[in-house]
Amino acid sequence: MSKPDELLVDVAALVESGRSNQMSLTVVTGGAVITGRLAPEAVWRQRVSEVLTDSARLGEFAAIFGTTTPQEGPPTHLHFHVARILQGTVGIPETGGMYRVSIADVSAWTMGDFSYSDH
């Protein structure tokens, strides 16, 4: 989107307010369909930092995600956790992943997450 969808920005702002991390959303961005729950950026960063800290090979990157500087203005990104990229009838990764998506790059979206089937 050349101009981010104001309604989607409002949804992201409400999530950023910290009231809930239960908002399920599905977006189309760059030809990929991502579905999952949104989290406030600070919560998302903390979780990514924890995952990196536990990694023998990637631990040095944990500090980058552990720090957050407050952003002025409306949110510019969606922070998905427990999310999947839908590919045919499969969700990747199976256990859910952590994705950061620029709101300006979302071409379509809907409330809720799509289920998938590996059968």
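The values are calculated or read from the model by the stated rules, or taken from the named source; none is laboratory data. Just so you know, these numbers come straight off a predicted model, no measurement behind them. Neighbour counts run over all protein chains shown; Cβ positions are idealised from the backbone, glycine included. Heavy atoms of the whole protein, side chains included, go into the accessibility calculation; ligands, DNA and RNA do not. Shrake-Rupley method; radii C 1.70, N 1.55, O 1.52, S 1.80 Å.
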Worksheet item: For residue 31, are the conditions met, namely being open to solvent by 50 Å² or more (accessible area, probe 1.4 Å) and under 17 Å from residue 104 (Cα atoms)?
Response: yes
Worksheet item: If a residue has to be open to solvent by less than 50 Å² (accessible area, probe 1.4 Å) and at pLDDT below 85 to count, how many in the range 65-92 make the cut?
Response: 1
Worksheet item: Mind checking whether some residue in the range 29-39 is of a type outside the set (Val, Ile, Thr), free of Cβ contacts under 8 Å to residues at least 12 places away in the same chain, closer than 14 Å to residue 9 by Cα and not in a helix (DSSP H, G or I)?
Response: no
Worksheet item: Looking at this structure, is residue 52 modelled with pLDDT under 95 and crowded, with 18+ Cβ neighbours inside 10 Å?
Response: yes
Worksheet item: Are any of the residues in the range 9-19 open to solvent by 70 Å² or more (accessible area, probe 1.4 Å) and under 13 Å from residue 105 (Cβ atoms)?
Response: no
Fill in: Residues satisfying the stated conditions in the range 84-119, i.e. part of a strand (DSSP E or B), aliphatic (A, V, I, L, M) and under 18 Å from residue 14 (Cβ atoms)
101, 106, 111
Worksheet, complete the sentence: residue 57: passes all of (1) open to solvent by 40 Å² or more (accessible area, probe 1.4 Å); (2) within 29 Å of residue 3 (Cα to Cα); (3) without any contact (Cβ under 8 Å) to a residue 40 or more places away in the chain; (4) charged (D, E, K, R) but (2)
